[in-house]
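Below is one structure, written out as structure tokens; comments come after it.
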Amino acid sequence: MTPREIIAEAWAITTRTPSLRRWAFTSSLLETLLSIKLIGYQVYFTYEFFLRGGEPGFFDIEIMLFNTLPFWAFATIVGSFLFLVLIEFFLPHVCLGAIIGLGAKAYRKETVKGGLVLGLYNFGAVFAIHEFLTLSGISTIVTVSSLTLRYIKGPIQTWILFMIAGLFLFSMVLKFFFSFAEEGVVTQKLGILEAIGKSFKMIVSHLGHVVFLLILLFVISLRILINAVMIVLLPAVIIGLGLLLTLFLSDLISYAIAGIVGLALIIAVSYMFGYILAFKQTVWTITYLELIRQKDLDVIVD
């Protein structure tokens, strides 16, 4: 199949497979919530450090809640927050396994079911592969850079920031070469290192095909740019709306309305991201299934 045919088939599968979109929406919602938490903390630290000239601590918000709320309310809020962070951190890996498996079944005209089994069975390998790429995430880089700026002083700070930037670029390169690793794990039950090695070989062997596919995907989805802008804007919209409403309404009502509007915005954005995630991942799944049919370029006689 040509890249254009793969794109068209992936979109058709995405639009006609509700279970695929449900898993993608769940993953996008959890990833968006986690990113908003990380970016929200960094906005607070930036405000305290650069605008007010203070020395923000890592647990300032938790200490403020402890001092202003009854203990049961504080424990409930902090416990729920930590529980949600754990879910938001781990569950998207389960969702990815389900998305890849269901997309492969739909492409092969098989019954599209078993998402939970696919996700749980492949969770460990998918999670391990993603751990190699920890520093390829924008939220992670922002968090690590913020910690460096706040807690490391002197000339070494500049060197560490350069090192972080270098590791980010290196992780992005690895992410490109690992593009087919999860597909190998889910569709062929390959081991982690075997899947990574096979992905690297496939990318090198079909570089022109893959790069053209990437260009098409970038033009169609622009997911990374939209994701970054939305995640940064959502906390600002929610906080700004809450502050604006306090000019006319009581604080409790204002914050309640801002919270409801913010939740609605997060769900709407996550629904859009879910469509794009399902489509993008199905493109890579179909590409992988097509490429493994071809003989490896280093094999002359089977």
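The values are calculated or read from the model by the stated rules, or taken from the named source; none is laboratory data. Just so it is clear, the structure is predicted and the values come from calculations on it, not from any experiment. Cβ sites come from the backbone with ideal geometry, for glycine too, and all protein chains shown count toward neighbours. Side chains are part of the model used for accessible areas, which takes the heavy atoms of the whole protein and leaves out ligands, DNA and RNA. Shrake-Rupley method; radii C 1.70, N 1.55, O 1.52, S 1.80 Å.
Structure values in brief
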| quantity | calculated |
| --- | --- |
| Those residues of region 167-186 which are open to solvent by 40 Å² or more (accessible area, probe 1.4 Å) and out of contact with any Ser or Thr (no Cβ under 8 Å at 6 or more places or on another chain), in sequence order | LEU167, LEU169, PHE170, VAL173, PHE176 |
| Some residue of region 202-220 being at pLDDT 85 or above, open to solvent by 70 Å² or more (accessible area, probe 1.4 Å) and touching a Phe, Trp or Tyr at 6+ places or on another chain (Cβ under 9 Å) | yes |
| Candidates LEU174, LEU161, LEU190, LEU167 - the one that is farther than 14 Å from TRP284 by Cα and free of Cβ contacts under 8 Å to residues at least 12 places away in the same chain | LEU190 |
| Scan of region 1-50 for residues that are in a helix (DSSP H, G or I), closer than 18 Å to TRP284 by Cα, hydrophobic (A, V, I, L, M, F, W, C) and more than 21 Å from the chain's Cα centre (by Cα), ordered by number | ILE6, ILE7, ALA8, ALA12, ILE13 |
| Residue in region 52-75 that is acidic (Asp, Glu), at pLDDT 85 or above and open to solvent by 30 Å² or more (accessible area, probe 1.4 Å) present | no |
| Boolean, LEU102 is part of a helix (DSSP H, G or I), under 24 Å from the mean Cα position of the chain (by Cα) and free of Cβ contacts under 8 Å to residues at least 40 places away in the same chain | no |
| Every residue from region 114-133 that is within 15 Å of ILE192 (Cβ to Cβ) and either open to solvent by 40 Å² or more (accessible area, probe 1.4 Å) or among the small types (Gly, Ala, Ser) (or both) | TYR121, PHE123, GLY124, ALA125, PHE127, ALA128, HIS130, GLU131, PHE132 |
| Boolean, SER179 is within 23 Å of VAL283 (Cβ to Cβ), touching a residue at least 24 places away in the same chain (Cβ under 8 Å) and in a loop (DSSP other than H, G, I, E, B) | yes |
| So ARG150, is it in contact (Cβ under 8 Å) with a residue 12 or more places away in the chain and under 30 Å from PHE59 (Cβ atoms) | yes |
| Residue match in region 137-148 (condition: within 25 Å of TYR288 (Cβ to Cβ) and either in a helix (DSSP H, G or I) or open to solvent by less than 60 Å² (accessible area, probe 1.4 Å) (or both)) | yes |
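The rows are residues; the columns are (1) open to solvent by 20 Å² or more (accessible area, probe 1.4 Å); (2) at pLDDT below 85; (3) acidic (Asp, Glu).
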residue	(1), (2), (3)
ALA258	no, yes, no
VAL261	yes, yes, no
ILE266	no, yes, no
THR287	no, no, no
GLN294	yes, yes, no
ASP302	yes, yes, yes
